[in-house]
1. Counting other Cβ atoms within 10 Å, keep those with at most 12, restrict to DSSP loop, and tell me which chymotrypsin sites (Phe, Trp or Tyr not before Pro) in segment 87-182 are left.
2. Taking a cut-off of 16 Å between Cα atoms, list the lysines near K132, but don't count ones fewer than 8 places away on the same chain.
3. Which listed residue (L160, V170, I129) has the Cα farthest towards the positive end of the charge dipole for segment 62-196, taking +1 on Lys and Arg C-beta and -1 on Asp and Glu C-beta about the Cα centre?
4. Just need the Rg to Rh number for segment 63-156, please, alpha carbons only, Kirkwood Rh.
5. Can you pull out the trypsin sites (Lys or Arg not before Pro) in segment 14-114 whose DSSP state is coil and whose Cβ has at most 14 other Cβ atoms within 10 Å?
6. As a footprinting exposure proxy, order H28, H71, H33 by other Cβ within 10 Å, with the fewest listed first.
7. Straight-line reach from K64: which aspartates and glutamates have a Cα under 20 Å away, not including same-chain ones fewer than 8 places off?
8. Counting Lys and Arg as +1 and Asp and Glu as -1, each charge on the Cβ, what is the dipole of the chain about the Cα centre in debye, to the nearest 20?
Amino acid sequence: SDIGSQKDRVVTEEEWLQKWEMGDIGFHKEQGHPLLQKYLDVLLNGRSGLRIFFPLCGKAVEMKWLADMGHSVVGVELSEQAVKEFFSDHSLPYCEEPVPEISGAKLFQSTSGNISLYCCSIYDLSSSIVGKFDGVWDRGALIAVNPRDRQRYASVMINLVEKNSSYLLVTVSYDPNKHKGPPFYVPESEIKSLFG
Ligand code: SAH
């Protein structure tokens, strides 16, 4: 399958920050994602107290859902505005500290301790900084990454997951010649070659 002209498209970090500033966040789902409800059992597989990772998390409300179920949630998001809106939307008190290993990065943690959001680029993370995860909710993440950066993204993700982890991935399917994206069309064959 061909991804057409999308393969050269680049959305800069600055453009993402601007989307948040302008309130141009049509991707945000106020009510959370029905597919997470539907496949929650697949993600958890009967386990409790998991470490769950949200790449490119925005202010996804599913982070609150999983934390309320007793899991530890870690997210990464470029936009500090998004991170702060997450905590204020849910009236969650938080503290903020620098991340010594990553220049310019900040860690925002709920005072209750089970939601940690890194404000930096996903490409700055590694398991030596954030540990490994039992589960991943990848919605609006792989499909938001610039097509030329997918390999790099997949390498980071593979480094961050435990052997027995579950990875839920939401993609979109449409004719990539009709929209410039994001969200980008990621053919299933490419997903297989990225993640094996
Ligand atoms: N997953 C979220 C947000 C999807 S939109 C949801 O389901 O609502 C993609 C998000 O990724 C945006 O908030 C954007 O600011 C952020 N982002 C883009 N590039 C990033 C990068 N390299 N590292 C971390 N976050 C990034």
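Values quoted throughout were computed directly from the atomic coordinates according to the rules given, and no laboratory measurement underlies them. These numbers were taken from a predicted model, which means no experiment stands behind them. Every residue, glycine among them, receives a Cβ derived from its backbone with ideal geometry; neighbour counts consider all protein chains shown.
1. Answer by residue number: Y174.
2. Reachable lysines: K163.
3. Among L160, V170, I129, the one farthest towards the positive end of the dipole of segment 62-196 is V170.
4. 0.95
5. The qualifying sites are R47.
6. H28, H33, H71
7. The qualifying aspartates and glutamates are E30, D41, E77, E80, E85, D89, E96, D134, D138.
8. The calculation lands at about 500 debye.
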